[in-house]
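Have a look at the structure below, then the notes.
The values are calculated or read from the model by the stated rules, or taken from the named source; none is laboratory data. Only a predicted model underlies this, so the values are computations on that prediction, with no experimental measurement involved. All Cβ positions, even for glycine, are placed from backbone atoms using ideal geometry, and neighbour counts span all protein chains on display. Surface areas here come from the heavy atoms of the whole protein model, side chains and all, with no ligands, DNA or RNA. Shrake-Rupley method; radii C 1.70, N 1.55, O 1.52, S 1.80 Å.
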Amino acid sequence: MELLLVLGFPLLGAVLLAFAGAHRRAPELNVAASLATLLAAAALVLRVIRTGPMTVAQEQFFIDPFNVFLIALTAFVGFTTALFSRPYMRIEEHHGRVNAQRLRLYHSMYQLFMAAMLVALATNNMGLLWVAMEAATLSTVLLVSLYRTRASIEAAWKYFILCGVGIALALFGTILLYFAAEGLLGGEGMRALLWTHLDAVKGRLEPTVIGLAFVFLLVGYGTKVGLAPLHNWLPDAHAEGPTPVSAVLSGLLLNVALYAVVRCKILAEGAIHSALPGRMLMGFGLLSTLLAVFFLWRQRDIKRLFAYSSIEHMGIVTFAFGMGGPLANFAALLHMTVHSLTKSAIFFAAGHAAQTAGTQRMDGIRGLLAVSPTIGWGLMLGALAILGLPPFGVFASEYLILTTAMREHPWATPVLIVALGVAFAAIFRRVQPMVFGDTDARPLPHSPALLPVFAHIAMVLVLGLYMPPALADWYRLAARLIG
Amino acid sequence: MSALPFATQLLHVLAAGLLLLSFAMLTQRRTRRLVVLLAWQGAVLTASTLLIAATAHLPHLYWSAALTLTVKVGLLPWLLLRLVRRLGVERDSEPLVNVPTLMLVGLALVIFAFGLAQPISALATTVTRQTLGIALAVILLAFLMLIARRTAVTQVIGFLALENGLFFAATSTTYGMPMVIELGIALDVLVGVFVFGIFFFQIREQFDSLDLQHLEALKED
C-alpha cells in the first residue's frame, strides 16, 4: 500500500503538471507532489523497519533494507530539490531563459523522472529495472535541453546517444541473465527475471553466461553511473541543464544506476564463485576517480567542476562496493548518502551563484559573500564538506573506505590519497576566490531558497559527528545483504 | 521432430538475411533507403519470430511477432520517413569515408561475435542455438554504424538497428523475454524515437543542419 503511494504520487504529479505545469502555482504543486512522495516513503520505511523485507504485487516489487534506504533518500532529495527549484525557475523565467510552456514540460518531466527512479529502485524484476532506467534517461534528456541553446542541445544529444547505447548493452546483459536462469527457474511467468529468485539460486547459475552478462550489465549501467571511460555525457549534461536537474542527476540518478550495478554484482559474485566482479568494480572505480581528478584541474565552469567531482565520488563508492565485506559496504552506503546530500546542496548554491553573477564561468563569479552571504556560505560549507574535511560526514565515510583499503588492498591507498589531495586543491583554489573578494553584482529578484542547502549540510554534519544507532543498524543490515 | 531440421535451416537463412541487411545498412548512403532497409530488418525479425513460435508452439511469441510487425515494420519506418520528408533530407546522401575499411572492420566484428557466442551457444537448448552469434554480430555492426555516421537521422537509425539486434538475441537465446517486458521495451523505443524527432527540429533550428560535426562546441578546455 505504502509502495503504491510512493510510486503513485509522482506519476499523478506528472499527469497533473502536464496539464497545469504552466500555471502560476505549478511550482507549489510540484513541491506538494514531492512532499506527498516523501511522506509515503517515510511510511514505507516505518513499515519495513517493523515487518522486515517484503515483496508486493506478485513479487514484482521487492523492498529490503538496501533499497528502502535509497528510496527514502531519493524521495527526500527530490522534495528539497523541488523546494529549491521553485524560486530558481522563477528567476530563470524572470531572466527570460524559459517560458511558460517550457516550465510545463519541466515540471511534468521532473515528476516523471522521480517516478522512473523510484520504480527502478523498488522493482524486483530485472527487466522492469531496465525499462525504468531507460524511462529515467528519456525524461531527463528533455530536461537537459530545456534552454534550447546550442550547447544544451549538444549536451542532450550526447547524453541520449551515449546512455542509449550504454543502456542497450545493459539490455543484452539482462537477456543473457534471463537465458542463464531460464533453465533453472522455468520460462513460464517471470520468475527467471525476479531478483529474489535469481538470488536464491545464484550458486547454480552457469558461470560463463553470468560472467558475460555481468560485463555487459556493468558497462551498460556503469555508463549511467558515470564510470570512466564512458563518463563523457555527465559533465555536459550537468552543466547545460537547469540547476535543479543537475542536482537530481548528480544526487540521485547516479545512485540509482550504481544500485543496479550492485544488484548485478551480488548475483555475479554468487554465480562465478570468485572475486572477479568485485575486482572489476574496484578497477573501474579507481580509474574514474583518477581521471575525474585530472580533469578537475582544467575546469572553468562551476557546474562542470562539481560534475567532475561527482564522477570522482562515484568512483570512490564503486571502489568501496568492489572491495566488499560489511565494513566497506557500510562505508559505501554512507558515502552514497552524504555525497548525494552534499552534492545537491552544492548545486543549489552554485545555481544561485551563477544566477547572481550572470555567468557559469568561475572567473566571472566573485565576492558572493558581499552580495548574498547565505549563497556564499552555502557554497563554501558545501565545498568543504565534499572535500572531506572533518567533522562532515564525507570525512567519516572516506576515512572508513581508506582504512579498509589499507588493510585489504594496500596498493590502492596511495592512488586514493593522491586523488583526494588533488581534488582538494583543485576545488578549493576555485571556490575561495568565488566566495571572497569584491563584486558589483546585484542581489537576485526573488529571494533564493537556501533552506535546502543548509538542511542538507546540517544533516551531513550530524552524520559526521554522531550516527544515530537506528540508522547505523540499518546501514549494517543493508551492508550485510550486499555481502 | 522431423520438421525441426527444416525449420532450423529456414531460421538460419533468416538470420543470415538479417546479417546481410546490417552490412547493407553500414554502407548505404541515402537516408530514405536506409529507412527502407531498417523496415526490412523488422520484417525478417517478424518472420523469424513467427517461425520460432510455430516450431516451439509458444503462443506468446505470436503476440511478440505482431508487436514487431506493428512497431518495427509499420510505425517506426513510417514515422522516420515522415520526419525525413518534413526535414527535406530524403535525397541527401552523406559522404562515407572509406567503405572498404568499414567492411573489413565489420567482418572482424562478426568473427569476434561468433567467437564470443561460441561457449554460450553450446549451452542453449532452444532450436535457435546457433543464432546467438549472428545476433551479437548485428548488435556490433549497429555500433559500428553509430560510430561511423555523422548525421543525426542516420545515428538514430543505427540506434534502432541496435534494438533489432537485441530483439533477435532475446528470441534466439530464450524464446523471447516475458511479454510485459517486451511491451515496456517497445514503449521506450517508441518514446525514444519521438524524442529524437523533437531533437531533429531543435538541432536544425539551432545549427541549420543535421550534420553532427557542428555539435562539437563542448570540449574540455
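Is one or more of the residues making up segment A:96-104 without any contact (Cβ under 8 Å) to a residue 60 or more places away in the chain, surrounded by fewer than 22 Cβ atoms within 10 Å (Cβ to Cβ) and assigned to a helix (DSSP H, G or I)?
The answer is yes, given that some residue of segment A:96-104 is without any contact (Cβ under 8 Å) to a residue 60 or more places away in the chain, surrounded by fewer than 22 Cβ atoms within 10 Å (Cβ to Cβ) and assigned to a helix (DSSP H, G or I).
Kindly provide the set of residues from segment A:236-275 that are open to solvent by less than 10 Å² (accessible area, probe 1.4 Å), out of contact with any Pro (no Cβ under 9 Å at 6 or more places or on another chain), assigned to a helix (DSSP H, G or I) and within 14 Å of another protein chain (Cβ to nearest Cβ), ordered by number.
If the condition is that a residue be open to solvent by less than 10 Å² (accessible area, probe 1.4 Å), out of contact with any Pro (no Cβ under 9 Å at 6 or more places or on another chain), assigned to a helix (DSSP H, G or I) and within 14 Å of another protein chain (Cβ to nearest Cβ), then A:Asp236, A:Ala237, A:His238, A:Ala239 are the ones that fit.
Tally the residues that are open to solvent by 50 Å² or more (accessible area, probe 1.4 Å) and more than 10 Å from chain A (Cβ to nearest Cβ), restricting the search to segment B:205-215.
Qualifying residue count, segment B:205-215: 2.
Within segment B:165-194, track down each residue that is open to solvent by less than 10 Å² (accessible area, probe 1.4 Å), facing chain A (nearest Cβ under 8 Å) and either among the hydrophobic types (A, V, I, L, M, F, W, C) or closer than 25 Å to A:Leu185 by Cα (or both).
B:Leu166, B:Ala169, B:Ala170, B:Thr173, B:Thr174, B:Met177, B:Ile181
Do we have any residue at all in segment B:52-68 that's modelled with pLDDT under 85 and not in a helix (DSSP H, G or I)?
yes
So the check is Cβ under 6 Å with 6+ separation or different chains; which pairs have a first residue in segment A:379-401 that's closer than 24 Å to A:Met323 by Cα and a second one that's aromatic (Phe, Trp, Tyr)?
A:Leu387/A:Phe424; A:Gly388/A:Phe395
From B:Val97, B:Val89, which residue is open to solvent by 40 Å² or more (accessible area, probe 1.4 Å), farther than 17 Å from B:Leu160 by Cα and modelled with pLDDT under 85?
B:Val97
What's the total number of residues in segment A:20-61 that are modelled with pLDDT of 85 or more and open to solvent by less than 30 Å² (accessible area, probe 1.4 Å)?
Total meeting the criteria: 13.
Report the residue count in segment A:180-235 for those that are away from chain B (no Cβ under 13 Å), under 30 Å from A:Ser152 (Cα atoms), part of a loop (DSSP other than H, G, I, E, B) and out of contact with any Ser or Thr (no Cβ under 9 Å at 6 or more places or on another chain).
So the count comes out to 0.
Being outside any helix (DSSP H, G or I) and surrounded by fewer than 18 Cβ atoms within 10 Å (Cβ to Cβ) is the filter here; which residues of segment B:10-51 pass it?
Matches in segment B:10-51: B:Arg29, B:Arg30.
Can you tell me which of A:Val201, A:Val245, A:Val209, A:Val215 is under 17 Å from the mean Cα position of the chain (by Cα) and β-branched (Val, Ile, Thr)?
Criteria check complete, one pass: A:Val245.
Could you give me the residue pairs with C-beta distances under 6 Å whose first residue belongs to segment A:403-432 and is without any contact (Cβ under 8 Å) to a residue 12 or more places away in the chain, whose second residue is buried (at least 16 other Cβ atoms within 10 Å of the Cβ) wherever it lies, and which are 6+ apart or on separate chains?
Here the result reads A:Met406/A:Thr413; A:Thr413/A:Ala405, each pair linking segment A:403-432 to a residue that is buried (at least 16 other Cβ atoms within 10 Å of the Cβ).
Check whether at least one residue in segment A:139-159 is facing chain B (nearest Cβ under 7 Å), under 22 Å from B:Ile120 (Cβ atoms), in contact (Cβ under 8 Å) with a residue 60 or more places away in the chain and not aromatic (Phe, Trp, Tyr), and report yes or no.
Within segment A:139-159, none of the residues are facing chain B (nearest Cβ under 7 Å), under 22 Å from B:Ile120 (Cβ atoms), in contact (Cβ under 8 Å) with a residue 60 or more places away in the chain and not aromatic (Phe, Trp, Tyr).
Which numbered condition trips up B:Leu132, out of (1) modelled with pLDDT of 85 or more; (2) buried (at least 24 other Cβ atoms within 10 Å of the Cβ)?
The one condition B:Leu132 does not meet is (1).
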